[in-house]
Structures are given as structure tokens and as C-alpha cells.
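A short worksheet on the structure shown next.
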Amino acid sequence: MNFDKDRYFLEMALREAEKALIENTYPIGAVIVDENNNLIAKGRNRVHTQQDTTAHAEVDAIRNAGHAIFNAKVKGEKFTIYSTLEPCPMCTGAILFAKIKRVVWLLNDDLGFGGYKKIKDSNVFEKKFKEIELIEEPFLDLKTKQKELMSKWEDNENYILNLRKSVK
Ligand SMILES: [Zn+2]
């Protein structure tokens, strides 16, 4: 059977994003996989659940991967990170530090905090970005699902504009 690994793992990341929304935090999920398609770690946004503005899905997945990340760096193994949204500048930095070699995401975030492409296109850390394969928005149906999660998030009490309204 021809196993579409990107689809399989992006669906897994999407389930993490759904869990995050149920937990009343940003609906973003991430999954790290090794070059043989073994699952290394899952992560999801925990900004509101842990009251930590740095607890983004990609950072959570990298933290959960623990020793495996160092092992892969030492051995030069090719890990992939799947995220449901384009990584922000912080997560882009974390991906560079983790030496992840392949980045796949479901939905671009040009108007939000999406940072990966902006930093890559600025040719800063050009050499590091050249080592990373990038795949953006490979599946229209899954992209639509992430878009739906993002619009549901805007109705959540923890969405920033709703929080601001509540303090006025
Ligand atoms: Zn981030």
C-alpha cells in the first residue's frame, strides 16, 4: 500500500490542534517524525493551559522529543516536523536549533505571526534554511479544516480580542 506519510502525520497534528481548542487555547498541533516514519513526539499549543506565552505546538513537540533531538543532531538524522500552521519566528528559531531537516505545514500564516517564510526569504541564516526541505499547504481539505479551527478560535473566550473586551 502506498502510505501517504505526510497526510497521515498532518492528520495526527490536526487532532492535537482539535484537543488544544477543547482546552481553550490556540488550535495548533505539531508532530515530529524520524526518517523511517517513526513517531518521535506530539505537541500542541499550551499557551493558555500552562499560562506560558512560549508554549507553542512546535516548541511543545520539540520539548517532548527530548533526547531524540540530540541523538538526531549527533547522527545527522533527518527529522520532519509537521505543524497545522506556519511556524512563528520563535518556533522557526527552535526548528533551526533542533536541526530538523524537513518542515511541513497545513496553513500559511502570512497575516498572523507566521515567521518561517519571512525569515527564510530575508536570507538571514541562509545556510541553515538551505538544509531544510519546506512543504507548505500540501492538502487543501486539511488546510480547510485548520482554517475552520482558526475561525472557531475567534469565538473562544481566550481569544485575545475577546479577552480585551472582557477587561473593559
Ligand atoms: Zn510558534
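The values are calculated or read from the model by the stated rules, or taken from the named source; none is laboratory data. The shown structure was predicted, so the numbers you read here are calculated from the model rather than taken from an experiment. No Cβ is skipped: glycine too gets one built from the backbone with ideal geometry, and neighbour counts run over all protein chains shown.
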Within the range 51-71, is even one residue out of contact with any strand residue (DSSP E or B) (no Cβ under 8 Å at 6 or more places or on another chain), among the acidic types (Asp, Glu) and not in a loop (DSSP other than H, G, I, E, B)?
no
For the range 24-50, how many residues are within 16 Å of the ligand (Cβ to nearest atom) and either at pLDDT below 95 or not aliphatic (A, V, I, L, M) (or both)?
12
Given (1) touching a residue at least 12 places away in the same chain (Cβ under 8 Å); (2) out of contact with any Asp or Glu (no Cβ under 6 Å at 6 or more places or on another chain); (3) of a type in the set (A, V, I, L, M, F, W, C), number of the condition Leu111 does not satisfy
(1)
It is to be established whether one or more residues within the range 129-137 are at pLDDT 95 or above, among the acidic types (Asp, Glu), over 12 Å from the mean Cα position of the chain (by Cα) and under 19 Å from Met12 (Cα atoms).
yes
Filter the range 69-127 down to the residues that are crowded, with 16+ Cβ neighbours inside 10 Å, hydroxyl-bearing (Ser, Thr, Tyr) and more than 16 Å from the ligand (Cβ to nearest atom) and list them by number.
Thr80
Checked the range 15-48 for anything surrounded by fewer than 19 Cβ atoms within 10 Å (Cβ to Cβ) and in contact with a helix residue (DSSP H, G or I) (Cβ under 8 Å, 6 or more places away or on another chain); matches are Glu18, Asp34, Asn37, Leu39
Report yes if some residue within the range 83-92 is in a strand (DSSP E or B), in contact with a Cys (Cβ under 9 Å, 6 or more places away or on another chain) and closer than 20 Å to Thr54 by Cα; otherwise report no.
yes
Could you please find all residues in the range 61-115 being of a type in the set (Phe, Trp, Tyr), over 16 Å from Phe129 (Cα atoms) and over 10 Å from the mean Cα position of the chain (by Cα)?
Phe70, Phe113
Hits in the range 51-68 - residues which are more than 18 Å from Leu10 (Cβ to Cβ), within 14 Å of the ligand (Cβ to nearest atom), surrounded by 16 or more Cβ atoms within 10 Å (Cβ to Cβ) and in contact (Cβ under 8 Å) with a residue 24 or more places away in the chain
Val59
